[in-house]
Amino acid sequence: MILTQDQIMEEISRNKIVIDPLDKSLFRPSSYILRLSNKLIEFNKIECVDVLDEKSIYSNVTSIKTFDSYIIRPHQLILSSTYEKIGISEDYAGIIMGLSHIARLGLSLLTSSFISPGFGIDTKSTLTLELFSVNPSSIKIYKNMPICHIIFLKLAESAKELYDQSVSFYSGKDTPYISQYPLEFNQIIKKIERNDQ
């Protein structure tokens with residue numbers, strides 16, 4: 001079940017959902033509009049990014065930069081984050097969806113859109129957004145501009161294992177955060193590689 005505006009507000013009052021700061025003008029009938037932070041990470045061109053090599057992943061990105069406005073070039077990928085910090089209890093999951101206004105300008109949110117139950121509930125967290133321009137022209141973006149919807153889904157039953165108490169690679173952050181793929185999946189992939197030999 002997707003929560004309506006009134007249901008989201010009710011769950012915020014019960015501390016089952018956290019949106020901080022909260023601006024009531026950003027509610028939509030069944031979502032809340034999140035804004036863009038003033039922080040971003042750019043990508044460096046390297047020969048190859050090895051998904052199992054932390055050094056390779058880190059060498060592919062710059063350090064975090066702050067901005068008031070930023071020009072995204074055609075076919076450029078950046079990481080940014082939401083201005084708001086989020087927390088979701090064991091009863092809910094979240095979905096991030098791009099704004100149609102933004103999509104019609106050729107700016108795509110390549111976001112991994114699912115937010116697990118328990119994300120940010122121990123320590124509220126911003127969400128990292130992957131922004132990519134498919135516009136043949138450059139696009140100028142601004143800090144605090146509305147950037148995406150967050151939709152909340154009611155689970156059929158409360159989750160037993162929560163994100164913050166299990167995986168927790170990306171919660172508790174206040175900046176965009178690069179891929180932690182090797183930390184979570186390295187051992188699994190090594191087992192697959194051994195079985196293939």
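The values are calculated or read from the model by the stated rules, or taken from the named source; none is laboratory data. Quick caveat, the model's predicted, so the values are computed rather than measured. Note that each Cβ is placed from the backbone with ideal geometry, even for glycine, and that neighbours are counted across all protein chains shown.
To keep it simple, each residue is scored yes or no on (1) at pLDDT below 95; (2) in a strand (DSSP E or B); (3) of a type outside the set (A, V, I, L, M, F, W, C).
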{"residue": "L40", "(1), (2), (3)": "no, yes, no"}
{"residue": "I46", "(1), (2), (3)": "yes, no, no"}
{"residue": "K55", "(1), (2), (3)": "yes, no, yes"}
{"residue": "Y70", "(1), (2), (3)": "no, yes, yes"}
{"residue": "P74", "(1), (2), (3)": "no, no, yes"}
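To keep it simple, each residue is scored yes or no on (1) surrounded by fewer than 14 Cβ atoms within 10 Å (Cβ to Cβ); (2) modelled with pLDDT under 95; (3) of a type in the set (D, E); (4) farther than 24 Å from S25 by Cα.
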| site | (1), (2), (3), (4) |
| --- | --- |
| Y92 | no, no, no, no |
| P117 | no, yes, no, yes |
| I121 | no, yes, no, no |
| S137 | yes, no, no, yes |
| E161 | yes, yes, yes, yes |
| E184 | yes, yes, yes, yes |
| Q187 | yes, yes, no, yes |
Does any residue of the range 59-68 turn out to be surrounded by fewer than 17 Cβ atoms within 10 Å (Cβ to Cβ), closer than 19 Å to E130 by Cα and charged (D, E, K, R)? yes
What number of residues within the range 67-113 satisfy the criterion of being out of contact with any Pro (no Cβ under 9 Å at 6 or more places or on another chain), touching a residue at least 60 places away in the same chain (Cβ under 8 Å) and farther than 18 Å from I151 by Cα? 7
Among (1) in a loop (DSSP other than H, G, I, E, B); (2) surrounded by 15 or more Cβ atoms within 10 Å (Cβ to Cβ); (3) of a type outside the set (A, V, I, L, M), there is one condition Y32 misses while meeting the rest; what is its number? (1)
